[in-house]
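The values are calculated or read from the model by the stated rules, or taken from the named source; none is laboratory data. Treat the numbers as computed from the prediction; the structure is a model and nothing was measured. Here the Cβ positions follow ideal geometry from the backbone for every residue, glycine too, while neighbour counts run over all protein chains shown. Note: areas computed on protein heavy atoms with side chains; ligands, DNA, RNA excluded. Shrake-Rupley method; radii C 1.70, N 1.55, O 1.52, S 1.80 Å.
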Amino acid sequence: MFGWAFTRGISWLIDRARRINSRLILALDVCRRSGVSPRDVRVAVENLLDGLRDYVVGVKIGLPTILSLGMDSIREILECYRDYYFIADLKIADVGHIVRTLCSYADYMGFDAVIVHAVIGRCGGLDEAVNEVHSRGGAVFSVCAMSHRGAEEVLNRNFSTLVKLSMDAGVDGFILPATMPEYITRARRIIGGSKIILSPGVIAQGASIGSAIKYGADFEIIGRGIYAASNPIEKAREYSQKLKWYSG
Ligand code: BMP
């Protein structure tokens with residue numbers, strides 16, 4: 001359908017992390033609210049991206065920002081900031097043809113990777129995402145546990161099954177909660193060192209900086225702790241100092 005963007009794999013992400021010596025991923029959930037126009041949102045996004053290059057390895061952009069700006073605006077932004085690794089947080093949970101369409105939209109916008117819910121299962125679900133994204137050269141991260149309390153009611157109870165089926169489907173990495181870091185340790189036991197773990201829930205949701213890395217994550221994802229700070233660039237600098245790629 002579309003296709004020019006999914007050209008940089010996980011190795012590009014790791015190379016960049018090494019280059020800038022950081023394990024920090026920004027959750028860019030800057031979005032429209034009353035009195036804030038799409039133009040204002042775009043300026044805020046571009047100001048952040050201009051200032052965070054030295055500290056932030058990758059940028060996770062989710063539906064609030066994509067819906068606020070629209071796909072073509074996101075595509076223009078991603079084209080201008082190719083020094084970041086971009087992850088489409090579409091949290092895909094749907095049937096095969098919709099999964100494939102959403103993955104192709106992520107490709108169109110210029111993302112390097114897509115986040116998919118493992119709970120949809122493999123056949124007609126995760127397999128479709130992995131095939132679609134891998135055929136275009138991108139990466140898939142699967143959600144196998146979440147960071148909010150309600151996740152313990154259903155999703156997180158199926159954690160081991162979700163991790164195993166994600167491995168069988170051939171995903172490139174996992175999204176696991178910093179607020180419940182025991183899932184990170186458990187995932188590492190199942191997956192070994194071969195896959196990447198990105199961990200949200202740091203600062204605004206209560207997990208302390210560096211804790212998910214200690215439990216075995218590769219990167220920590222921080223949103224409000226950076227973009228809602230009075231000085232986002234200073235905060236990102238401070239956090240990246242605590243999340244160095246090379247310890248010591
Ligand atoms: P914040 O640092 O502002 O709490 O943002 C966390 C980001 O990580 C949000 O984009 C959210 O959608 C995402 N996220 C999460 O918080 N918990 C999860 O379990 C999975 C997520 O993707």
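Quick one: in the stretch 15-33, which of the residues that are without any contact (Cβ under 8 Å) to a residue 40 or more places away in the chain and part of a helix (DSSP H, G or I) is most open to solvent (accessible area, probe 1.4 Å)? If you could, list the steps in order and put the result at the bottom.
Taking the stretch 15-33 first, the residues without any contact (Cβ under 8 Å) to a residue 40 or more places away in the chain are 15, 19, 31-33.
From what's left, part of a helix (DSSP H, G or I): 15, 19.
Details: 15: 75, 19: 153 Å².
Checking each candidate, the answer is 19.
Of the residues 224, 157, 237, 188, which single one is within 17 Å of the chain's Cα centre (by Cα), among the basic types (Lys, Arg) and open to solvent by 20 Å² or more (accessible area, probe 1.4 Å)? Break it down into steps so the answer makes sense when it comes.
Working: 157 fails: within 17 Å of the chain's Cα centre (by Cα); 237 fails: within 17 Å of the chain's Cα centre (by Cα); 188 fails: within 17 Å of the chain's Cα centre (by Cα).
Matching residue, one of 224, 157, 237, 188: 224.
Considering only the stretch 211-221, state which residues are open to solvent by less than 10 Å² (accessible area, probe 1.4 Å) and more than 12 Å from the ligand (Cβ to nearest atom). Even if it seems obvious, please write down each step before you answer.
Narrowing the stretch 211-221 to residues open to solvent by less than 10 Å² (accessible area, probe 1.4 Å): 212, 217, 219-221.
If the condition is that a residue be open to solvent by less than 10 Å² (accessible area, probe 1.4 Å) and more than 12 Å from the ligand (Cβ to nearest atom), then 217 is the only one that fits.
Any idea which residue in the stretch 191-208 is nearest to residue 114 (Cα to Cα), counting only those that are more than 7 Å from the ligand (Cβ to nearest atom) and open to solvent by 40 Å² or more (accessible area, probe 1.4 Å)?
In the first step, residues of the stretch 191-208 are kept if they are more than 7 Å from the ligand (Cβ to nearest atom); the result is 191-199, 206-208.
Still in the list and also open to solvent by 40 Å² or more (accessible area, probe 1.4 Å): 193-195, 206, 208.
Values: 193: 21, 194: 18, 195: 15, 206: 25, 208: 26 Å.
Of everything passing the filter in the stretch 191-208, 195 is nearest to residue 114 (Cα to Cα).
Can you name the residue in the stretch 143-153 that is within 11 Å of the ligand (Cβ to nearest atom) and part of a loop (DSSP other than H, G, I, E, B) and, of all such residues, is surrounded by the most Cβ atoms within 10 Å (Cβ to Cβ)?
144
Give the residue, chosen from 36, 43, that is open to solvent by 20 Å² or more (accessible area, probe 1.4 Å), in a loop (DSSP other than H, G, I, E, B) and among the hydrophobic types (A, V, I, L, M, F, W, C). Steps first, please.
Values: 43 fails: in a loop (DSSP other than H, G, I, E, B).
Residue meeting the stated conditions: 36.
Which fully enclosed helices (runs of 4 or more DSSP H) of the stretch 55-142 have 3 or more residues being over 18 Å from residue 42 (Cβ atoms)?
Working: elements: 63-69, 71-80, 96-109, 127-135.
Hits in the stretch 55-142: 96-109, 127-135.
Between a residue in the stretch 166-190 that is modelled with pLDDT under 95 and any residue that is among the polar types (S, T, N, Q), which pairs come within a Cβ distance under 9 Å, given they are 6 or more apart or on different chains?
Sorted first by the residue in the stretch 166-190, then by its partner, the list stays empty.
As an exercise: evaluate residue 41 against (1) within 16 Å of the ligand (Cβ to nearest atom); (2) under 15 Å from the mean Cα position of the chain (by Cα); (3) of a type in the set (A, V, I, L, M) and give the number of the one condition it does not meet.
Tallying (1) within 16 Å of the ligand (Cβ to nearest atom); (2) under 15 Å from the mean Cα position of the chain (by Cα); (3) of a type in the set (A, V, I, L, M), residue 41 fails exactly one: (2).
Look at the stretch 69-95 and say how many of its residues are more than 16 Å from the ligand (Cβ to nearest atom) and open to solvent by 10 Å² or more (accessible area, probe 1.4 Å).
At the first step, the residues of the stretch 69-95 found to be more than 16 Å from the ligand (Cβ to nearest atom) are 70-73, 75-83, 94-95.
When the remaining residues are screened for being open to solvent by 10 Å² or more (accessible area, probe 1.4 Å), the result is 70-73, 75-76, 79-83, 94-95.
Total meeting the criteria: 13.
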